[in-house]
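Taking it in order: structure first as structure tokens, then the write-up.
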Amino acid sequence: MISRRLLLQRSLFAGSFFLSRHESPSRWFLPPTLPDDPFLGGSFLGLVGFSDEGPTPLNQIIGEELDGRLFTDFSLLNPERPVIPTSSFYIRTRASKLLDTHSPWSVQFGGLLQKPFSLPVQELAKLAQPMGIHLMECAGNSRSAHFGMLSVADWEGVPVAPLLERLLPVPVGPRVLVSGFDRYSTGSNSSTPGASWIFTFEQLRYSGAFLATSMNGHPLSLDYGAPIRLLVPGWYGCVCIKWVNEINLVADDTPATSQMLEYASRTLQEGIPPLARDFRPAFVDPAAMPVRIEKWSIAGKLKYRVVGIHWGGARPLDDLQIRFHPSEGYVPLEKLQLSSADSWHFWSHAWTPQKSGRYLISLRPQNSILAAKRLASGYYQRSVELTEV
Ligand SMILES: Nc1nc2c(c(=O)[nH]1)N[C@H]1C(S)=C(S)[C@@H](COP(=O)(O)O)O[C@H]1N2
Ligand SMILES: [Mo]
């Protein structure tokens, strides 16, 4: 499914110019070494920031409880180490002050179950295994916060479908309601309390959904859902319930939860379906955006390098195109380096603008625009103001 061109580029691309976030800004950029690299022999002058994205601070916890946030900074992302350190992983809701962190935590299994039972989290944790690298994006990710509600971590946890098959005496059906603690000491202007999502057993199985117990090699911290949270690879973050305390089997005609209704349009549903069964899977729509504009001097001439990411969808798009201004046409992306698994992919594109001024960078797949609805709508466009060319 991945074209030969991409596979070739993948090996060529590796290690060419992305640097570790741990390096000081002056050492972000290794000199280009590939003979065909347009930046070979050039010198790096600095980064140009994006315009019109609000004063929101990045990589820093702001606010409390339902209005608590952390927006991730991507400007130092590096394909060699694509995982976001936990201290910079985005936060969409901070832990409630009402959360009881002293009593033992357990998950209640019930609903249509003949014999409801409760499982201490320590028992669940014994079943935890490495789950690999997975991306999470808040369906409400927005330009005003630099699209910083998007992150990748390395997870450990307990796969949900096998767990249910093992614990429950009957074939699992019809639907599974996963709920988390979601009461707060203060109200919120932006969010409705109540976090739960209803899945079919099949959805939990094919997505590889798991109850996460640790991220990036450490037990979950409170803001990330400790002691246990749901992760559904390939689905938007709104289904990744934190502080999971109940898993109930529910009837096929169960109404959608308040969380489902709140996120209906952002998860690209048709209208606001009243019943859970009329919801589509909340798949992360294929998306791409620039994350860094580098300014270079090459043989006395200015040149820009746009570095970006591509994520979402069942498989990467290999026909992404970029446009720098609405008055220009789209051109194919120069380089796309694929990552494995459910992560983001990295791309770069050399850019020699003809005049200074305001640009609006947008990406789209050449074909299959229908399959990338949010991207094609201009959702991830970013603007930049160039003072010299
Ligand atoms: N209990 C609970 N779980 C929740 C939420 C919440 O408000 N309460 N927010 C959801 C949303 S909208 C997102 S995007 C993810 C964010 O997870 P993170 O804060 O660990 O990045 O958690 C989800 N799980
Ligand atoms: Mo979200």
Inset, instruction - Assuming R0 = 30 Å, can you tell me the calculated FRET efficiency for the pair SER368 and SER188, based on Cβ-Cβ distance, to the nearest 0.05? - result: 0.20
Legend entry - Distance in nm between pseudo-label sites at ARG81 and ARG166 (7 Å out along the Cβ direction from Cα): 3.4
Inset, instruction - Please give every one of the lysines within straight-line cross-link reach of LYS373, meaning a C-alpha to C-alpha distance under 30 Å, and leave out same-chain neighbours fewer than 8 residues apart. - result: LYS242, LYS335
Inset, instruction - Just report the Cα centroid separation between the stretch 205-268 and the stretch 273-350, whole Å. - result: 26
Inset, instruction - Set the Förster distance to 25 Å, then compute FRET efficiency between GLN60 and LEU98 from the Cβ-Cβ distance, nearest 0.05. - result: 0.55
Inset, instruction - Please report the relative contact order for the chain, taking Cα pairs under 8 Å with a sequence separation of at least 6, and give it as a percent rounded to a whole number. - result: 17
Legend entry - Signed unit charges on C-beta, dipole axis of the chain, positive-most listed residue PHE74, THR213, GLN108: PHE74
Inset, instruction - Could you provide, to the nearest whole Å², the per residue accessible area of the stretch 231-276 with probe 1.4 Å? - result: 33
Inset, instruction - Just read off the accessible area of ASP67 with the full protein assembly in place, 1.4 Å probe, to the nearest 10 Å². - result: 50
Inset, instruction - For a quick protection proxy, order the peptides 238-246, 178-186 by their average other-Cβ count within 10 Å, most packed first. - result: 238-246, 178-186
Inset, instruction - Using Cα positions and a limit of under 20 Å, work out the aspartates and glutamates in reach of LYS126, with same-chain residues fewer than 8 apart set aside. - result: ASP154, GLU156, GLU165, GLU246
Legend entry - Assigned charges on the beta-carbon of Lys, Arg, Asp, Glu; the chain dipole about Cα centre (debye): 640
Inset, instruction - Measure nothing but the geometry: give the 0 to 90° angle between the long axis through the Cα atoms of 4-13 and the longest principal axis through the Cα atoms of the chain, rounded to 10°. - result: 80
Inset, instruction - Using Cα positions and a limit of under 23 Å, work out the lysines in reach of LYS355, with same-chain residues fewer than 8 apart set aside. - result: LYS295, LYS301, LYS303
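The values are calculated or read from the model by the stated rules, or taken from the named source; none is laboratory data. Keep in mind the model is a prediction, meaning the values are calculated, not measured. Counting neighbours? That spans all protein chains shown, and the Cβs are built from the backbone with ideal geometry, glycine included. The area values use the complete protein model at the heavy-atom level, side chains included, leaving out ligands, DNA and RNA. Shrake-Rupley method; radii C 1.70, N 1.55, O 1.52, S 1.80 Å.
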